[in-house]
Amino acid sequence: MAKLTLKERFKKVSAGSGDAARASKFATSIFRPGSPFRKGYSDSPRNRSYVVMNNVLYHLHPVKVKRHGVRLSYTLCLGGMSFFLFIVLTITGIWLMFYFRPTEMAYADIQALQTSVAFGSLVRNMHRWGAHLMVLVVFLHMSRVFYHGAYKAPREFNWVIGVILLFLTLFLSFTGYLLPWDQLAIWAVTVGGNMASYTPVFGAQIKFGLFAGLEATTATLLRFYVLHVLFFPFIIVIFMAIHFWRVRKDGGISGPL
Amino acid sequence: MVDIPEHLLLRSAEARAKALGITVEQALAEMKGESAPTVVDDKPEVIEVDLPTPVEAEAPAPVETPKVEAAPAKAEAPAPVETPKVEEAPAKAEAPAPAKAATPAPPKADTPEEVDFAPEVKVTQRLLTVVKAKPIQKAASEPVDKVNTWPHLMLPEFISLMAMMAFLILLSAILQAPLLEEANPNITPNPAKAPWYFLGLQEALSYWDPQIAGVMIPLVIGLIGFAAIPYIDRNKENNPSKRKYAIMMYTFFLAGAGTLTIIGVLFRGPGWNWTYPWIDGIWFDDLLDWIYFE
């Protein structure tokens, strides 16, 4: 018997397997025409277009993209990574909300999470390191865009949106910093709040509004919690939607250099 | 000169080659001006058909002209001598022929009539120019080289996504996120440090007036200044060698921000005094309990 390559062997095994299931009314009600999960999918230019066009992905990607933009060395996938990290943080964050109360119990909840919840420590670590990574990746994304001159016409306004997204990312990270309610959290936030109080004219008011008082207390904790899990995610999703939409409306990826 | 698309050129070359009975390559070369155009093709046929006339040894001039000229010209060229003959030809074809037997008219009138059509059919068209289909409004952008999103973009995306996920899980399994003792407003740690992305700012605060370092830098330079970059930099080029000033400025910013942050994270100890991390240790609690093996 001739030796098959991995690809051929995969084809042989997958050919016909599950065809009946993939052709069922149930499956075809889920997967739209052109989906690789539908029976009879073949790799043709038409179907390659349909994979995107007949799919919810069409909201994110066009059917065709510039050839140079596909190269990993051009974008380094930094924008996509920022978005992906945001999704990971949303999922792990929602999971963490099950075990966390933004009250005097906050610290005890974190301790319990780390010691007596399955995968609690791992998910908390993922949320924290993922947040730091996201700040880093968003910043690198901005630098990449700058060095490619990708903020130039017609993309000026999308750069502005991007700067707003960077600041929203920082706010999200900063408000989350207080939530473990340990010495590291409270004093880092105190330092940050004191910086904000140097604002001319409104300094004291800004600090009071941020801390819900004169210093960081459990009222501050509740305030930061609501900002962290509801307010800033809500705002950032809106700006992200505009950001992605403008990327396509402004002619896709920039360049080539 | 209009730049004729290759496929149109090829198609007309094929038509020309078929009409003239030459090879496609030759026709293509002629149209590109690389070789002399073939015009002699209709000559032999005319000569062949006209062969009877030179036999008569009559009026060589009118016979020669039609040879060189195309079919329509032929009908007119003999005009000074034989115009009526051509018109009369169908009528006189049978009867008056013997009367004018000496003249080359009857055979000429008959044969050229048939010959007239043949070259017309053969050399029916020539490619003068190709007018590109263009919209009335000029499109702003030229067509660009594109590839299908699936799989050329989505597959690399998926792979890098999985790689990032693997990296994050691995990182989280190895590095333990810090958790110090419970928050206590009465015990101030020394030094109290902000999150790392604000530490460059905190470091700047130790040099300058807080109104400048704490507010002007983040708000005016950070938010407004960065947002205004595309409106300040009106240079349309995106080639790095043509925007050295912009790149230099941004690199200065990166170097400055990076230096301040690294100093703030690693080189500042109690009382915000200078320390060396390899001598006094790291005074940044976010980096505590890093290694987490079980």
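Some values worked out for this structure:
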quantity: Matching residues, segment A:89-127, being in contact (Cβ under 8 Å) with a residue 24 or more places away in the chain, assigned to a helix (DSSP H, G or I) and under 24 Å from residue A:234 (Cβ atoms); calculated: A:89, A:90, A:92, A:93, A:95, A:96, A:97, A:106, A:123, A:124, A:126, A:127
quantity: Only one of B:157, B:182, B:203 that is buried (at least 16 other Cβ atoms within 10 Å of the Cβ) and either in contact (Cβ under 8 Å) with a residue 40 or more places away in the chain or of a type in the set (Phe, Trp, Tyr) (or both); calculated: B:203
quantity: Looking only at segment A:178-189, and only at residues there that are open to solvent by less than 20 Å² (accessible area, probe 1.4 Å) and part of a helix (DSSP H, G or I), the one that is farthest from the other protein chains (Cβ to nearest Cβ); calculated: A:189
quantity: Flag for residue B:262 being among the aliphatic types (A, V, I, L, M), within 23 Å of residue B:175 (Cβ to Cβ), modelled with pLDDT of 85 or more and in the same structural domain as residue B:205 (by TED's automatic domain parsing); calculated: yes
quantity: Residues satisfying the stated conditions in segment A:45-62, i.e. hydrophobic (A, V, I, L, M, F, W, C), open to solvent by 40 Å² or more (accessible area, probe 1.4 Å) and within 9 Å of chain B (Cβ to nearest Cβ); calculated: A:57
quantity: Conditions (1) more than 7 Å from chain B (Cβ to nearest Cβ); (2) assigned to a helix (DSSP H, G or I); (3) without any contact (Cβ under 8 Å) to a residue 24 or more places away in the chain: number failed by residue A:201; calculated: (2)
quantity: Lone unmet requirement of (1) open to solvent by less than 10 Å² (accessible area, probe 1.4 Å); (2) over 23 Å from residue A:228 (Cα atoms); (3) at pLDDT 95 or above for residue A:149; calculated: (3)
quantity: Residue, nearest to the chain's Cα centre (by Cα), within segment A:128-177, restricted to residues that are closer than 21 Å to residue A:233 by Cα, within 8 Å of chain B (Cβ to nearest Cβ) and of a type in the set (Gly, Ala, Ser); calculated: A:130
quantity: Residues of segment A:169-186 satisfying the condition of being out of contact with any helix residue (DSSP H, G or I) (no Cβ under 7 Å at 6 or more places or on another chain) and more than 18 Å from residue A:104 (Cβ to Cβ); calculated: none
quantity: Residue identified as modelled with pLDDT of 90 or more and part of a helix (DSSP H, G or I) among B:222, B:256; calculated: B:256
quantity: Candidate set from segment A:207-219 (those that are more than 10 Å from every other protein chain (Cβ to nearest Cβ) and not in a loop (DSSP other than H, G, I, E, B)); member that is nearest to residue A:168 (Cα to Cα); calculated: A:210
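Listed here are the residues, each with its yes/no results for (1) modelled with pLDDT under 90; (2) in contact with a Phe, Trp or Tyr (Cβ under 8 Å, 6 or more places away or on another chain); (3) surrounded by 19 or more Cβ atoms within 10 Å (Cβ to Cβ).
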position: A:39; (1), (2), (3): yes, no, no
position: A:43; (1), (2), (3): yes, no, no
position: A:64; (1), (2), (3): no, no, yes
position: A:73; (1), (2), (3): yes, no, no
position: A:79; (1), (2), (3): no, no, yes
position: A:90; (1), (2), (3): no, no, no
position: A:97; (1), (2), (3): no, no, no
position: A:102; (1), (2), (3): no, yes, yes
position: A:113; (1), (2), (3): no, yes, yes
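Results for (1) loosely packed, with under 12 Cβ neighbours inside 10 Å; (2) without any contact (Cβ under 8 Å) to a residue 12 or more places away in the chain, shown as yes or no for each residue.
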position: B:211; (1), (2): no, yes
position: B:214; (1), (2): no, no
position: B:229; (1), (2): no, yes
position: B:232; (1), (2): yes, yes
position: B:240; (1), (2): no, yes
position: B:255; (1), (2): yes, yes
position: B:263; (1), (2): no, no
position: B:275; (1), (2): no, yes
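The values are calculated or read from the model by the stated rules, or taken from the named source; none is laboratory data. Not measured: the values here are computed from a predicted model. Neighbour counts run over all protein chains shown; Cβ positions are idealised from the backbone, glycine included. These accessible areas exclude ligands, DNA and RNA; they are computed on the full protein's heavy atoms, side chains included. Shrake-Rupley method; radii C 1.70, N 1.55, O 1.52, S 1.80 Å.
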